Amino acid sequence: MAVSVPTGLVTHARKVCSLYKRALRNLESHCDTRPEFRYLAVLMRDRFDKKVNIKDLRLAKHYLEKGEEELFEFAHYQPKVFANSPGGVAYEREVIPPDWILDHWHPIEKAMYPKYFALREKRKKEYIEWYNKQYPDAPKHFDH
């Protein structure tokens, strides 16, 4: 049985960067206008910059934990989610067009790719022959 093991340690600096980014995304969810968001983002950056030169790691960890608590406390009730991100309205909604769409191309469009469509027609005939050979009792015409 495979056990999931963390592949690397997350440094304090990376945790702070992650907190900063999540705080900005939270601010973005709270603000209605871009100028308001930018103003609050500058203030947020100033709060982070004031504590950048702390050498005592215990104190730095304490500030990080306080920041995480503050972010949790002021988390938006309905955060913005990008459309194609997990949880977004368009996540995994890429439609792969079916193969038969190519059969409805205009002849001028097909003329731009003569080798491809010649091979395609050949493969379609081969498939029909294989199908009729594989399933000889299958109905040839379907009434709808």
Subset of LYS15/LYS66; LYS15/LYS50; LYS110/LYS140; LYS21/LYS51; LYS115/LYS140 violating a 21 Å alpha-carbon distance limit: LYS110/LYS140; LYS115/LYS140
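Would you please name the chymotrypsin sites (Phe, Trp or Tyr not before Pro) within the range 1-95 that are DSSP coil residues with at most 15 other C-beta atoms within 10 Å of their C-beta?
Values: sites: TYR20, PHE37, TYR39, PHE48, TYR63, PHE72, PHE74, TYR77, PHE82, TYR91; in loops: PHE74, TYR77, PHE82, TYR91.
Within the range 1-95, the qualifying chymotrypsin sites (Phe, Trp or Tyr not before Pro) (loop, at most 15 other Cβ atoms within 10 Å) are PHE74, TYR77, PHE82, TYR91.
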222 nm [θ] for the chain, helices only, -39500 (n - 2.57) per DSSP H run of 4+, per residue, to 500? -18000 deg cm²/dmol
Using a simple charge model, +1 on the beta-carbon of Lys and Arg, -1 on the beta-carbon of Asp and Glu, nothing else, what dipole does the chain show about its Cα centre, in debye to the nearest 20? 700
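The numbers here are math on the coordinates, done by the rules we state, and not lab data. Model, not experiment: these values are computed from the prediction. Note that we place each Cβ from the backbone using ideal geometry, even for glycine, and neighbour counts take in every protein chain shown.
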